[in-house]
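Since the structure comes first, as structure tokens, the remarks are kept for the end.
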Amino acid sequence: QVQLVESGGGLVQAGGSLRLSCAASGRTFSNYTMGWFRQAPGKVREFVGAIKWSRKTYYGDSVKGRCTISRDNANNTMYLQLDNLKAEDTAVYYCALDRDIGTMIYGNEHEYWGQGTQVTVSS
């Protein structure tokens, strides 16, 4: 059974940084793309960024320049570093797995999802 488990969320101050982790288990994820999404109350889900197996990264416009996504393929883990936090970064952050980067960025459905971790930025 495939599981994605996010961790690292919590309450952080504006201007600070956060680092989230997403650990995948249950199968081999060779050539899978991993991605981060977020959803704030009353808003649609937003693409944050993604990283291919090759470690090529893609970022959403709202976090570009403040976000770094990395992955440890040996341990099936992905990381999200978000700097210069703003109140509008407050959301539940989800990780996802998919085979195709196009589907990850533009699609609505993905093969696997995590349960989400809450990030609250206080001003």
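The values are calculated or read from the model by the stated rules, or taken from the named source; none is laboratory data. Being a predicted model, the structure only gives us computed values, none of them experimental. Backbone-built Cβ (ideal geometry, glycine too); neighbour counts: all protein chains shown. Accessible surface is based on the protein model in full, side chains and every heavy atom, while ligands, DNA and RNA are left aside. Shrake-Rupley method; radii C 1.70, N 1.55, O 1.52, S 1.80 Å.
Observations
- Dividing the summed -39500 (n - 2.57) terms of all DSSP H runs of n ≥ 4 by the residue count of the chain sets its mean residue ellipticity at 222 nm at -1000 deg cm²/dmol.
- Judged by the gyration tensor of its Cα atoms, with axes a ≥ b ≥ c, the range 80-123 is prolate; a/c meets the 1.5 cut and a/b is the larger of a/b and b/c.
- In Å², nearest 10: area of Glu109 left accessible to a 1.4 Å probe: 140 Å²
- Efficiency of FRET between Val5 and Ala87 - r from beta-carbon atoms, R0 22 angstrom, step 0.05: 0.25
- For the range 31-123, chymotrypsin sites (Phe, Trp or Tyr not before Pro) meeting the loop criterion (DSSP other than H, G, I, E, B) and having at most 16 other Cβ atoms within 10 Å: Trp53.
- Coupling constants for the range 41-47 follow from the phi torsions by the Karplus curve (6.51 cos²θ - 1.76 cosθ + 1.60, θ = phi - 60°), and in residue order they are x, x, 10, 6, 5, 10, 6 Hz; glycine and proline get x.
- Where Cα atoms sit under 18 Å apart: lysine pairs in the chain separated by 8 or more or lying on different chains: 4
- Where trypsin sites (Lys or Arg not before Pro) fall in DSSP loop in the range 1-42, at most 16 other Cβ within 10 Å: Arg27
- The chain - Cys residues lacking any other Cys C-beta under 4.7 Å: Cys67
- Spacing of the two label points (7 Å from each Cα toward its C-beta) at Asp72 and Arg99, in nm: 2.8 nm
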